[in-house]
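K.L.:
Following this message is one structure expressed as structure tokens.
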Amino acid sequence: MKFKLIALAGAAAASLAIAGCDRVSPRPAPPAAALPLTEIATGPLPLAPPVEALPPAPRPPLGRITAPRQHYGYIDRAYEVSDAFYDSPPDYAVYYDDIEPWIWRTDDDYYLVSEPYDAGWRYYYYEPGAFLPFLIRDPFYSYGYDRGSLVVVYDNRGQVLPDYVIVQRADDAGRYLRRGELLYQAAVTEPRRAIAVSQWSGARRAIEADRQRLITWQQAVPDWQSYRQTRAVQEGSRWDAERARRRAWTDRAERQLNRVTVAEDRQPNGRRGAELQAVQSRPTAPPIVQLRQGKEERRAVAAARQAELAVRRGPAVEARGIERGDQRALFDQRREEARRLQLQAQDRRQALDERRQLREADRVRVQAQAAEQRNAADLRGRQLREAQRAQIEARRADRVQDAQRARVEAGAVRERTRVQEAQRARIEQRSAIREQAVRVQEARRAAVQAERASRAQAPAQAAARQGANAAAHVKEQPQQQADPNTDKKAKRGRGD
């Protein structure tokens with residue numbers, strides 16, 4: 001009795017401690033859009049059509065990214081969204097086009113829509129308020145969109161492919177973009193349905209592997225790492241709250257999944273969940289191959305996989321009308337048939353692997369040829385630029401020579417002009433000297449003539465003066481005789 005009291009007291013103390021911890025660290029609220037997993041058994045997930053079977057759609061406009069390392073912005077945002085969802089099951093499913101796409105939604109309205117098809121899973125990523133995805137992933141390529149324009153294509157290692165691949169993949173990118181638009185409309189408007197535990201148990205490994213593949217790519221591509229470091233500084237702890245909600249939701253789903261698995265193991269046909277998981281899990285995506293070249297092989301593998309799933313689920317469907325012994329016999333028979341089909345599928349997968357290796361070798365060869373062509377084109381470009389540069393230099397040298405020649409000719413013309421002007425000045429100077437000499441001679445000649453003329457006229461002038469003087473004297477004499485008083489007055493007036 002004392003021991004029981006002690007035990008009860010310890011349990012009470014533990015409960016109080018746990019309650020105290022819960023008050024200190026309350027459990028995060030579940031995601032706003034999440035529906036709990038349902039334990040109602042359902043059939044296998046129907047497969048979506050491959051890209052070549054999707055309805056034709058217009059090719060999207062082609063954009064171009066010029067900033068360094070900005071090509072990784074689209075796949076890095078998809079990486080952030082996937083990492084925020086952690087390993088949580090989908091929030092809900094909807095019916096669309098005879099399939100059942102799964103939807104994850106963050107509390108701030110980022111959407112991730114996924115659908116299975118014969119080669120694996122396709123993923124469509126949406127930003128808040130956008131009805132067109134910014135990234136679409138399949139096992140072979142990832143397509144980055146900017147408001148409906150195709151701007152980048154990544155291979156199945158997360159590396160940016162050359163621009164000519166964007167042109168080659170534009171048709172498939174257009175079909176994916178149209179389907180992504182319709183899937184978003186269905187995710188928003190169609191009635192939501194809970195995900196079955198059996199379906200999530202069978203598909204979770206493949207989806208978790210796809211998410212882990214994004215992490216591996218990000219760690220292996222240096223340019224993506226550099227871009228990611230810059231984004232991490234800018235984003236900070238943006239996704240922490242969503243990650244906390246998803247981890248708590250994942251723990252709850254794990255407990256529910258474990259409970260259902262234990263219950264199924266106790267049934268006569270136990271391990272049904274494990275077998276379904278092995279059937280529904282998708283293979284790791286192969287290296288880059290041409291999708292249309294391998295569609296027949298993938299469809300064959302998918303048909304075998306669906307037949308195997310139908311066989312293994314047959315006893316659960318027919319168990320209502322068959323006795324337990326007959327059910328066991330039928331189950332054993334169908335299990336043997338499933339094993340046979342599984343072996344056939346393994347053989348097909350091995351053949352596919354061999355073909356994929358050959359395609360990978362072809363891809364490497366094509367890439368080497370493309371690299372060689374690019375190198376040759378670069379060499380031709382360099383040679384052309386060097387030839388153009390040589391022509392420019394030659395034209396520049398010709399212009400320099402022409403300028404020098406023009407300067408020499410101009411100098412010669414100026415020199416000839418100067419010489420001619422000097423000669424003209426000398427000639428004019430000589431003419432002026434001669435004219436001055438002529439004028440001097442004429443002046444001298446005129447002076448001589450004037451002097452001669454003056455000398456010739458001198459006797460006549462002297463005679464004329466003498467005659468004039470004589471006449472004047474004669475005239476004065478009668479006046480003096482006629483008025484002697486006047487002459488005396490005149491003399492007195494002169495002071496004589």
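K.L.:
Considering each of Arg175, Arg204, Arg137 in turn, give the residue that is under 20 Å from Tyr96 (Cβ atoms) and either touching a Pro at 6+ places or on another chain (Cβ under 9 Å) or of a type in the set (S, T, N, Q) (or both).
P.N.:
Arg175
K.L.:
Is it the case that some residue within region 400-420 is at pLDDT 85 or above, part of a helix (DSSP H, G or I) and under 30 Å from Pro162 (Cα atoms)?
P.N.:
no
K.L.:
Taking region 120-129 only, how many residues are modelled with pLDDT under 95 and either buried (at least 24 other Cβ atoms within 10 Å of the Cβ) or in contact with a helix residue (DSSP H, G or I) (Cβ under 9 Å, 6 or more places away or on another chain) (or both)?
P.N.:
So the answer is 1.
K.L.:
Further question on the same structure: Given the criteria assigned to a helix (DSSP H, G or I), more than 40 Å from the chain's Cα centre (by Cα) and either of a type outside the set (A, V, I, L, M) or at pLDDT 85 or above (or both), does Glu393 qualify? Don't jump to the end; show me each part of the working.
P.N.:
Values: assigned to a helix (DSSP H, G or I): yes; more than 40 Å from the chain's Cα centre (by Cα): no; either of a type outside the set (A, V, I, L, M) or at pLDDT 85 or above (or both): yes.
Spelling it out, it is not the case that Glu393 is assigned to a helix (DSSP H, G or I), more than 40 Å from the chain's Cα centre (by Cα) and either of a type outside the set (A, V, I, L, M) or at pLDDT 85 or above (or both).
K.L.:
Same structure, new question: Report whether or not Gln256 is within 21 Å of the chain's Cα centre (by Cα), at pLDDT below 90 and either within 13 Å of Ile75 (Cα to Cα) or part of a helix (DSSP H, G or I) (or both). Quick ask: steps written out before the conclusion?
P.N.:
Working: within 21 Å of the chain's Cα centre (by Cα): no; at pLDDT below 90: yes; either within 13 Å of Ile75 (Cα to Cα) or part of a helix (DSSP H, G or I) (or both): yes.
The answer is no for Gln256.
Condition check ((1) touching a residue at least 40 places away in the same chain (Cβ under 8 Å); (2) surrounded by fewer than 19 Cβ atoms within 10 Å (Cβ to Cβ)) across all residues:
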{"site": "Gln159", "(1), (2)": "yes, yes"}
{"site": "Val165", "(1), (2)": "no, yes"}
{"site": "Tyr184", "(1), (2)": "yes, no"}
{"site": "Ala187", "(1), (2)": "yes, no"}
{"site": "Arg193", "(1), (2)": "yes, yes"}
{"site": "Gln212", "(1), (2)": "no, yes"}
{"site": "Trp224", "(1), (2)": "yes, no"}
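K.L.:
Just checking, how many residues over region 104-119 are surrounded by 24 or more Cβ atoms within 10 Å (Cβ to Cβ) and of a type in the set (Val, Ile, Thr)?
P.N.:
Summing the residues that are surrounded by 24 or more Cβ atoms within 10 Å (Cβ to Cβ) and of a type in the set (Val, Ile, Thr) in region 104-119 gives 1.
K.L.:
Shifting gears a bit: Is it true that Leu112 is touching a Gly at 6+ places or on another chain (Cβ under 6 Å), at pLDDT 95 or above and either part of a strand (DSSP E or B) or not aromatic (Phe, Trp, Tyr) (or both)? I'd like the intermediate steps shown before the answer.
P.N.:
Values: touching a Gly at 6+ places or on another chain (Cβ under 6 Å): no; at pLDDT 95 or above: yes; either part of a strand (DSSP E or B) or not aromatic (Phe, Trp, Tyr) (or both): yes.
No.
K.L.:
What number of residues within region 94-103 are free of Cβ contacts under 8 Å to residues at least 60 places away in the same chain and assigned to a strand (DSSP E or B)? Steps first, please.
P.N.:
Of region 94-103, the ones free of Cβ contacts under 8 Å to residues at least 60 places away in the same chain are 98-99.
From the residues that got through so far, the ones that are assigned to a strand (DSSP E or B) too are 99.
Selection size over region 94-103: 1.
K.L.:
Residues being hydroxyl-bearing (Ser, Thr, Tyr) and within 21 Å of Arg157 (Cβ to Cβ): count how many of those fall in region 179-234. Steps first, answer last, please.
P.N.:
Of the residues in region 179-234, the ones hydroxyl-bearing (Ser, Thr, Tyr) are 184, 189, 198, 201, 216, 226-227, 230.
Still in the running and within 21 Å of Arg157 (Cβ to Cβ): 216, 226-227.
Of the residues in region 179-234, 3 are hydroxyl-bearing (Ser, Thr, Tyr) and within 21 Å of Arg157 (Cβ to Cβ).
K.L.:
Could you check Arg243 against (1) charged (D, E, K, R); (2) surrounded by fewer than 19 Cβ atoms within 10 Å (Cβ to Cβ); (3) under 27 Å from Val153 (Cα atoms) and say which number it fails?
P.N.:
With (1) charged (D, E, K, R); (2) surrounded by fewer than 19 Cβ atoms within 10 Å (Cβ to Cβ); (3) under 27 Å from Val153 (Cα atoms) applied to Arg243, the lone miss is (3).
The values are calculated or read from the model by the stated rules, or taken from the named source; none is laboratory data. Because the structure is predicted, anything quoted here is derived from the model rather than measured. Positions of Cβ are backbone-derived with ideal geometry, glycine not excepted, and every protein chain shown enters the neighbour counts.
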